[in-house]
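Reviewing the structure listed below.
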Amino acid sequence: MSAMNYWLEHHDRPLIIGHRGASAHAPENTLAAFLLAWTQGADGVELDVTRCATGEVVVIHDDTVDRTTNGTGRVSAMSLAELRGLDAGDGQRIPTLDEVIAETAGAPRPFLLNIEVKDAPALRGDLEAAVVTVVRRHGCEERVLFSSFNPLSVRRLAQLAPDVPRGILYHHAMPIYLREVWMAPLMPHEFRHPDIGAITPEFVAKLKAQGKRVNTWTVNEPADIARAAESGVHGIIGDSPCTIREVLGI
Ligand code: G3P
Ligand code: MG
(Lines give C-alpha, C1' and ligand atoms only; values in the text may rest on other atoms or scores of the structure.)
(Ligands and ions follow the chains in the order given, each with its own letter.)
Protein backbone atom coordinates (compact mmCIF):
# COMPACT_ATOMS: atom_id res chain seq x y z
CA MET A 1 0.00 0.00 0.00
CA SER A 2 1.30 3.46 -0.88
CA ALA A 3 2.45 5.69 1.94
CA MET A 4 -0.54 7.90 1.42
CA ASN A 5 -3.97 7.48 -0.06
CA TYR A 6 -6.72 9.96 0.74
CA TRP A 7 -9.34 7.23 0.93
CA LEU A 8 -7.53 5.64 3.85
CA GLU A 9 -7.27 8.78 5.95
CA HIS A 10 -9.34 9.23 9.06
CA HIS A 11 -12.28 11.59 8.61
CA ASP A 12 -14.52 13.06 11.31
CA ARG A 13 -17.58 12.45 9.14
CA PRO A 14 -18.43 10.00 6.35
CA LEU A 15 -16.99 10.78 2.94
CA ILE A 16 -19.64 11.99 0.50
CA ILE A 17 -19.37 10.20 -2.81
CA GLY A 18 -21.56 10.94 -5.83
CA HIS A 19 -22.87 7.69 -7.33
CA ARG A 20 -22.14 7.86 -11.08
CA GLY A 21 -21.60 11.55 -10.24
CA ALA A 22 -24.52 13.65 -9.04
CA SER A 23 -26.70 11.31 -11.07
CA ALA A 24 -29.93 12.54 -9.52
CA HIS A 25 -29.34 15.90 -11.19
CA ALA A 26 -27.21 15.25 -14.30
CA PRO A 27 -26.79 12.37 -16.78
CA GLU A 28 -25.03 9.50 -14.96
CA ASN A 29 -21.35 8.80 -15.55
CA THR A 30 -20.75 12.00 -17.51
CA LEU A 31 -18.33 14.85 -16.84
CA ALA A 32 -21.32 17.07 -16.10
CA ALA A 33 -22.43 14.69 -13.35
CA PHE A 34 -18.95 14.40 -11.87
CA LEU A 35 -18.34 18.15 -11.80
CA LEU A 36 -21.81 18.79 -10.41
CA ALA A 37 -21.11 16.33 -7.57
CA TRP A 38 -18.06 18.42 -6.73
CA THR A 39 -20.06 21.65 -6.86
CA GLN A 40 -22.57 20.06 -4.49
CA GLY A 41 -19.78 19.49 -2.00
CA ALA A 42 -18.95 15.83 -2.59
CA ASP A 43 -15.52 14.52 -1.63
CA GLY A 44 -15.47 12.55 -4.85
CA VAL A 45 -17.42 10.28 -7.15
CA GLU A 46 -18.04 6.64 -7.95
CA LEU A 47 -17.85 5.74 -11.65
CA ASP A 48 -18.22 2.53 -13.66
CA VAL A 49 -15.62 1.51 -16.22
CA THR A 50 -15.34 -1.01 -19.01
CA ARG A 51 -13.48 -1.34 -22.32
CA CYS A 52 -14.72 -0.58 -25.81
CA ALA A 53 -13.79 -2.42 -29.02
CA THR A 54 -10.75 -0.22 -29.67
CA GLY A 55 -9.42 -0.89 -26.18
CA GLU A 56 -9.93 2.44 -24.40
CA VAL A 57 -11.34 2.45 -20.88
CA VAL A 58 -14.72 4.15 -21.02
CA VAL A 59 -17.07 5.29 -18.29
CA ILE A 60 -20.47 3.66 -18.57
CA HIS A 61 -22.53 1.40 -16.32
CA ASP A 62 -24.27 -1.05 -18.64
CA ASP A 63 -22.91 -3.57 -21.17
CA THR A 64 -24.88 -1.70 -23.84
CA VAL A 65 -25.41 1.97 -24.65
CA ASP A 66 -29.17 1.52 -24.96
CA ARG A 67 -30.38 2.86 -21.61
CA THR A 68 -28.06 5.83 -21.16
CA THR A 69 -27.57 7.17 -24.71
CA ASN A 70 -29.47 7.78 -27.93
CA GLY A 71 -27.77 4.76 -29.55
CA THR A 72 -27.98 0.99 -29.37
CA GLY A 73 -25.37 -1.73 -29.20
CA ARG A 74 -22.80 -3.40 -27.00
CA VAL A 75 -20.02 -1.19 -25.66
CA SER A 76 -17.49 -3.98 -26.26
CA ALA A 77 -18.43 -4.05 -29.96
CA MET A 78 -18.20 -0.29 -30.54
CA SER A 79 -15.13 1.85 -31.24
CA LEU A 80 -14.35 4.90 -29.15
CA ALA A 81 -15.25 7.07 -32.13
CA GLU A 82 -18.68 5.43 -32.36
CA LEU A 83 -19.26 5.86 -28.64
CA ARG A 84 -18.18 9.49 -28.79
CA GLY A 85 -20.81 10.14 -31.43
CA LEU A 86 -23.60 9.32 -29.00
CA ASP A 87 -25.51 11.65 -26.73
CA ALA A 88 -25.33 10.45 -23.13
CA GLY A 89 -27.91 13.05 -22.07
CA ASP A 90 -28.03 16.86 -22.20
CA GLY A 91 -25.47 16.75 -25.03
CA GLN A 92 -22.92 15.00 -22.82
CA ARG A 93 -20.57 12.38 -24.28
CA ILE A 94 -19.50 9.06 -22.81
CA PRO A 95 -16.19 10.01 -21.17
CA THR A 96 -13.00 7.99 -21.11
CA LEU A 97 -11.40 7.27 -17.74
CA ASP A 98 -8.46 9.29 -18.99
CA GLU A 99 -10.63 12.39 -19.40
CA VAL A 100 -12.30 12.04 -16.03
CA ILE A 101 -8.96 11.83 -14.28
CA ALA A 102 -7.64 14.82 -16.24
CA GLU A 103 -10.75 16.94 -15.64
CA THR A 104 -10.70 16.28 -11.90
CA ALA A 105 -6.99 16.94 -11.42
CA GLY A 106 -5.64 19.98 -9.62
CA ALA A 107 -8.65 20.57 -7.38
CA PRO A 108 -7.96 22.55 -4.18
CA ARG A 109 -8.62 19.37 -2.18
CA PRO A 110 -8.20 15.90 -3.68
CA PHE A 111 -11.10 14.88 -5.90
CA LEU A 112 -11.58 11.26 -4.84
CA LEU A 113 -12.34 8.66 -7.48
CA ASN A 114 -13.92 5.28 -6.73
CA ILE A 115 -13.34 3.42 -9.96
CA GLU A 116 -15.73 0.46 -10.13
CA VAL A 117 -14.36 -2.13 -12.53
CA LYS A 118 -17.40 -3.72 -14.05
CA ASP A 119 -17.69 -7.45 -13.66
CA ALA A 120 -16.48 -8.58 -17.04
CA PRO A 121 -14.55 -11.82 -16.61
CA ALA A 122 -11.20 -10.78 -15.17
CA LEU A 123 -9.13 -12.77 -17.62
CA ARG A 124 -10.94 -11.53 -20.75
CA GLY A 125 -9.37 -8.45 -22.27
CA ASP A 126 -7.62 -7.60 -19.03
CA LEU A 127 -9.75 -4.58 -18.25
CA GLU A 128 -7.94 -4.36 -14.91
CA ALA A 129 -4.53 -3.89 -16.57
CA ALA A 130 -5.95 -1.22 -18.87
CA VAL A 131 -7.44 0.65 -15.92
CA VAL A 132 -4.21 0.49 -13.92
CA THR A 133 -2.26 1.74 -16.95
CA VAL A 134 -4.47 4.84 -17.16
CA VAL A 135 -4.18 5.54 -13.42
CA ARG A 136 -0.39 5.13 -13.54
CA ARG A 137 -0.11 7.41 -16.56
CA HIS A 138 -1.74 10.19 -14.56
CA GLY A 139 0.06 9.38 -11.32
CA CYS A 140 -3.23 9.84 -9.46
CA GLU A 141 -2.97 6.70 -7.30
CA GLU A 142 -3.36 8.65 -4.06
CA ARG A 143 -6.94 9.69 -4.83
CA VAL A 144 -8.14 6.38 -6.32
CA LEU A 145 -10.02 3.48 -4.77
CA PHE A 146 -10.83 0.48 -6.95
CA SER A 147 -13.90 -1.68 -6.40
CA SER A 148 -15.65 -4.57 -8.09
CA PHE A 149 -18.40 -7.13 -7.59
CA ASN A 150 -16.06 -9.61 -9.25
CA PRO A 151 -13.65 -11.19 -6.75
CA LEU A 152 -11.30 -12.11 -9.60
CA SER A 153 -11.11 -8.48 -10.64
CA VAL A 154 -10.22 -7.46 -7.09
CA ARG A 155 -7.54 -10.14 -7.04
CA ARG A 156 -6.11 -8.99 -10.35
CA LEU A 157 -6.09 -5.35 -9.20
CA ALA A 158 -4.28 -6.35 -6.00
CA GLN A 159 -1.59 -8.03 -8.09
CA LEU A 160 -1.27 -5.15 -10.55
CA ALA A 161 -1.53 -2.23 -8.15
CA PRO A 162 -0.97 -3.27 -4.55
CA ASP A 163 -0.44 0.42 -3.72
CA VAL A 164 -4.03 1.38 -4.62
CA PRO A 165 -6.72 0.36 -2.10
CA ARG A 166 -9.55 -1.95 -3.11
CA GLY A 167 -13.14 -2.54 -2.07
CA ILE A 168 -15.24 -5.66 -2.51
CA LEU A 169 -18.77 -4.86 -3.63
CA TYR A 170 -21.77 -6.95 -2.75
CA HIS A 171 -25.49 -6.83 -2.13
CA HIS A 172 -27.07 -8.34 0.96
CA ALA A 173 -29.25 -10.61 -1.22
CA MET A 174 -26.22 -12.21 -2.89
CA PRO A 175 -25.08 -15.75 -1.88
CA ILE A 176 -23.42 -15.98 1.52
CA TYR A 177 -20.00 -16.90 0.12
CA LEU A 178 -19.97 -13.58 -1.75
CA ARG A 179 -21.42 -11.32 0.94
CA GLU A 180 -19.20 -12.82 3.64
CA VAL A 181 -16.26 -12.83 1.19
CA TRP A 182 -15.12 -16.36 1.93
CA MET A 183 -12.34 -15.91 -0.60
CA ALA A 184 -11.02 -12.76 1.16
CA PRO A 185 -7.51 -14.13 1.80
CA LEU A 186 -7.05 -14.51 -1.95
CA MET A 187 -7.95 -10.90 -2.68
CA PRO A 188 -6.38 -8.37 -0.36
CA HIS A 189 -8.67 -5.40 0.23
CA GLU A 190 -9.17 -2.56 2.68
CA PHE A 191 -12.83 -1.74 2.07
CA ARG A 192 -16.14 -3.56 1.97
CA HIS A 193 -18.85 -2.00 -0.16
CA PRO A 194 -22.19 -3.48 0.95
CA ASP A 195 -25.49 -1.98 -0.15
CA ILE A 196 -27.40 0.17 2.34
CA GLY A 197 -29.82 -2.71 3.04
CA ALA A 198 -27.10 -4.45 5.04
CA ILE A 199 -26.11 -1.49 7.19
CA THR A 200 -26.59 -1.51 10.96
CA PRO A 201 -24.20 -0.29 13.68
CA GLU A 202 -23.49 -3.94 14.63
CA PHE A 203 -22.70 -4.94 11.06
CA VAL A 204 -20.32 -2.02 10.54
CA ALA A 205 -18.67 -2.68 13.92
CA LYS A 206 -18.14 -6.32 12.93
CA LEU A 207 -16.37 -5.35 9.71
CA LYS A 208 -14.30 -2.70 11.46
CA ALA A 209 -13.18 -5.35 13.95
CA GLN A 210 -11.93 -7.29 10.93
CA GLY A 211 -9.90 -4.25 9.92
CA LYS A 212 -12.19 -3.20 7.06
CA ARG A 213 -13.55 0.23 6.25
CA VAL A 214 -17.12 0.37 4.96
CA ASN A 215 -18.50 2.41 2.07
CA THR A 216 -22.19 1.85 1.37
CA TRP A 217 -24.42 2.46 -1.66
CA THR A 218 -26.79 3.63 -3.12
CA VAL A 219 -27.93 5.87 -0.31
CA ASN A 220 -30.53 8.42 -1.32
CA GLU A 221 -33.26 8.51 1.33
CA PRO A 222 -32.57 10.90 4.22
CA ALA A 223 -33.40 8.19 6.79
CA ASP A 224 -30.91 5.83 5.16
CA ILE A 225 -28.24 8.54 5.00
CA ALA A 226 -28.74 9.16 8.73
CA ARG A 227 -28.62 5.41 9.51
CA ALA A 228 -25.42 4.98 7.50
CA ALA A 229 -23.79 7.88 9.35
CA GLU A 230 -24.96 6.63 12.76
CA SER A 231 -23.62 3.19 11.91
CA GLY A 232 -20.12 4.60 11.49
CA VAL A 233 -19.50 4.00 7.79
CA HIS A 234 -16.41 5.49 6.17
CA GLY A 235 -18.20 6.68 3.05
CA ILE A 236 -21.73 7.20 1.73
CA ILE A 237 -22.23 6.71 -2.00
CA GLY A 238 -25.41 8.35 -3.27
CA ASP A 239 -27.00 9.98 -6.30
CA SER A 240 -27.46 13.35 -4.60
CA PRO A 241 -24.38 14.61 -2.73
CA CYS A 242 -26.21 17.80 -1.70
CA THR A 243 -28.86 15.71 0.09
CA ILE A 244 -26.15 13.77 1.92
CA ARG A 245 -24.52 17.03 3.02
CA GLU A 246 -27.82 18.38 4.22
CA VAL A 247 -28.62 15.29 6.28
CA LEU A 248 -25.11 15.25 7.76
CA GLY A 249 -25.58 18.91 8.65
CA ILE A 250 -22.53 20.27 6.85
O1 G3P B 1 -20.24 1.05 -6.49
C2 G3P B 1 -21.52 1.08 -5.93
C3 G3P B 1 -22.59 0.81 -6.94
O4 G3P B 1 -22.34 1.59 -8.07
C5 G3P B 1 -22.68 -0.63 -7.33
O6 G3P B 1 -23.76 -0.92 -8.16
O7 G3P B 1 -24.87 -1.27 -10.29
O8 G3P B 1 -24.74 1.02 -9.36
O9 G3P B 1 -22.70 -0.09 -10.29
P10 G3P B 1 -24.02 -0.28 -9.59
MG1 MG C 1 -21.25 1.42 -9.85
Please work out which one of (1) assigned to a loop (DSSP other than H, G, I, E, B); (2) within 16 Å of ligand 2 (Cβ to nearest atom) is the condition G167 fails and give its number.
(1)
Among the residues that make up the range 241-248, is at least one of them open to solvent by 30 Å² or more (accessible area, probe 1.4 Å), farther than 23 Å from A37 by Cβ and charged (D, E, K, R)?
no
Kindly indicate whether any position in the range 43-57 is under 25 Å from S231 (Cα atoms) and away from ligand 2 (no atom under 16 Å from the Cβ).
yes
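Conditions (1) of a type in the set (D, E, K, R); (2) more than 18 Å from the chain's Cα centre (by Cα), marked per residue:
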{"position": "R166", "(1), (2)": "yes, no"}
{"position": "A173", "(1), (2)": "no, yes"}
{"position": "A184", "(1), (2)": "no, yes"}
{"position": "I196", "(1), (2)": "no, no"}
{"position": "T218", "(1), (2)": "no, no"}
Test V131 against the stated conditions and say whether it is open to solvent by less than 70 Å² (accessible area, probe 1.4 Å), within 16 Å of ligand 2 (Cβ to nearest atom) and over 29 Å from E230 (Cβ atoms).
yes
So, in the range 76-90, of the ones that are at pLDDT 95 or above and in a helix (DSSP H, G or I), which residue ends up least open to solvent (accessible area, probe 1.4 Å)?
L83
Does the range 178-210 hold any residues that are under 17 Å from L145 (Cα atoms) and open to solvent by 50 Å² or more (accessible area, probe 1.4 Å), and which are they?
P188
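Could you tell me whether T30 is under 23 Å from N220 (Cβ atoms), among the hydroxyl-bearing types (S, T, Y), open to solvent by less than 10 Å² (accessible area, probe 1.4 Å) and within 16 Å of ligand 2 (Cβ to nearest atom)? Walk me through how you get there before you give the answer.
Working: under 23 Å from N220 (Cβ atoms): yes; among the hydroxyl-bearing types (S, T, Y): yes; open to solvent by less than 10 Å² (accessible area, probe 1.4 Å): yes; within 16 Å of ligand 2 (Cβ to nearest atom): yes.
In short, yes.
The values are calculated or read from the model by the stated rules, or taken from the named source; none is laboratory data. Not measured: the values here are computed from a predicted model. Positions of Cβ are backbone-derived with ideal geometry, glycine not excepted, and every protein chain shown enters the neighbour counts. For accessibility, only protein heavy atoms count, side chains too; no ligands or nucleic acids. Shrake-Rupley method; radii C 1.70, N 1.55, O 1.52, S 1.80 Å.
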